[in-house]
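A.B. asks: Have a look at this one before I ask anything.
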Amino acid sequence: MSLFPSYKKILRIGIDGKLYCEHNLVAPLRVAGTCTSRPGHEFYECPYALRRGDCNVFFWKEDVDNYVLRGAEKRALEVQKEKLEEEKGLLERELASYAVPILLLSRDSCRDGY
Ligand SMILES: [Zn+2]
């Protein structure tokens, strides 16, 4: 079962950091020609692209980079959140242990100084 809705293409990145197509082959990085929507931009696609057996895997490099970056940022934020939650717990326990009575000086005790 896919984690993604069926209308979305699945971005598969191996532990080697390379992008894989549906054939389980490394999708090579290529440069788009002038007759495309993003001339000069880099993209990954199935090595069988435009040939028989093409699995239609195609991703713009900037989209992949943004996606990977967002994922990494999200994981970093989750780790940070966990650390802060832990710190919060420690501080709350510390605060509870500081429940000592605070003595307030009344006006009378101030006058004693005169
Ligand atoms: Zn393929």
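A.B. asks: Could you please give the count of residues in region 29-47 that are touching a strand residue (DSSP E or B) at 6+ places or on another chain (Cβ under 7 Å) and within 13 Å of the ligand (Cβ to nearest atom)?
C.D. replies: Initially, region 29-47 is screened for residues touching a strand residue (DSSP E or B) at 6+ places or on another chain (Cβ under 7 Å), giving 29-32, 38, 40-45.
Narrowing the set further to residues that are within 13 Å of the ligand (Cβ to nearest atom) leaves 44-45.
Going through region 29-47 one residue at a time, the tally reaches 2.
A.B. asks: Taking region 50-77 as the region of interest, how many residues are farther than 17 Å from residue 10 by Cβ and within 16 Å of the ligand (Cβ to nearest atom)?
C.D. replies: Residues flagged as farther than 17 Å from residue 10 by Cβ and within 16 Å of the ligand (Cβ to nearest atom) within region 50-77 amount to 4.
A.B. asks: Outside any loop (DSSP other than H, G, I, E, B), more than 10 Å from the ligand (Cβ to nearest atom), modelled with pLDDT under 95 and not β-branched (Val, Ile, Thr): is that true of residue 16 in this structure?
C.D. replies: On the way: outside any loop (DSSP other than H, G, I, E, B): no; more than 10 Å from the ligand (Cβ to nearest atom): yes; modelled with pLDDT under 95: yes; not β-branched (Val, Ile, Thr): yes.
In short, no.
The values are calculated or read from the model by the stated rules, or taken from the named source; none is laboratory data. The model shown is predicted, which means the values in this text are computed figures rather than measured ones. Using ideal geometry, Cβ is built from the backbone for each residue, glycine included, and neighbour counts are taken over all protein chains shown.
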